[in-house]
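Everything on this sheet refers to the single structure shown next.
The values are calculated or read from the model by the stated rules, or taken from the named source; none is laboratory data. What you are looking at is a predicted structure, and each value in this text was computed from that prediction instead of being measured. In this analysis, Cβ positions are derived from the backbone assuming ideal geometry, glycine residues included, and neighbour counts consider all displayed protein chains. These accessible areas exclude ligands, DNA and RNA; they are computed on the full protein's heavy atoms, side chains included. Shrake-Rupley method; radii C 1.70, N 1.55, O 1.52, S 1.80 Å.
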Amino acid sequence: MSQHQFRRILFLIFLVHTSGLNAQNVDEATQQIWIDFLPHFDLTERLSIYGDVSSRFTLGHFDQTYVIRPSIKFNISSIISANAGFGVFYRKADDLETSENRPWLGTRLSWPDIGPLRFKQYLRVENRNFNDRLSNSRFQENRLRYQIGTKLPLNKTAIQDEAFYIPLAFEWLGTDDKSAGGPNLDQLRMTLGLGHVFNKVWLLEMVYMNWWNKSAATDSFEPSNQVIRIRLHYRGWVIGE
């Protein structure tokens, strides 16, 4: 099988799977636009600081979220890194106003490599601390996230200068559920998009994210969010992946 055929088959599988999951109750999903800036700086060969600044808007009614999330990464080996960060979220809508502090720990595994695809696996634990500013109430939850993703080069053999590529990702999220005795898998996310590497400093991605949620362990997944996400990277580690 040629690389061109392999890419086409992978892309078609993703589209079929996405359309199948999204076939029912799509009208219940909310539409959002996220605009992200993601800087990245290498301090040493092993240590990096990075993060994201984001503005998020819901279409159809007033609902805005602003995010700043500084993070740090330490390369344990050529394929494994340890990551940590602290996110600050502020959300304001017609009938709510909340803030959230979100410390997190994670690890990233760059494996496996299949043909032109280099997969990245990411496991993260978050402690989410919410403050409802209108009712002056507070609550918290713990969340576990696992993501596997890759980038499919289109006009180059790898992700490098002047390359166009398709980012693909699947993510599973679970929150702590005391009644179930552990984490409840309550959200799925799938990502498909188009990226372009301008040079070793700047790259731009536009991705489409589809989310499915469920309220309880016995419920079925229902469409919840559809997100257009524009991501501007500064010295991102996507180069060479």
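Couple of notes before you dig in:
- Chain lengthening between ALA217 and LEU59 when straightened (0.36 nm per residue, less Cα-Cα): 54.0 nm
- Largest first, the residues PHE119, PHE170 sort by 1.4 Å accessible area into PHE170, PHE119.
- When peptides 184-191, 76-83, 222-229 are sorted by average Cβ neighbour count within 10 Å, with the highest value leading, the order is 184-191, 222-229, 76-83.
- Accessible surface ranking that places the most exposed of LYS120, LYS200 first, with a 1.4 angstrom probe: LYS200, LYS120
- Under 5 Å from the amide H of ALA163 lie the amide H atoms of VAL197, each residue being 5 or more positions distant or on a separate chain, with H modelled from the backbone and absent for Pro and chain starts.
- Length released on extending from ALA93 to LEU123, taking residue separation times 0.36 nm less the Cα-Cα span: 7.7 nm
- Solvent-accessible area per residue for region 114-241 (1.4 angstrom probe, square angstrom): 51
- Reach of LYS120 by Cα under 19 Å, taken over lysines that are not fewer than 8 positions away in the same chain: LYS73, LYS151
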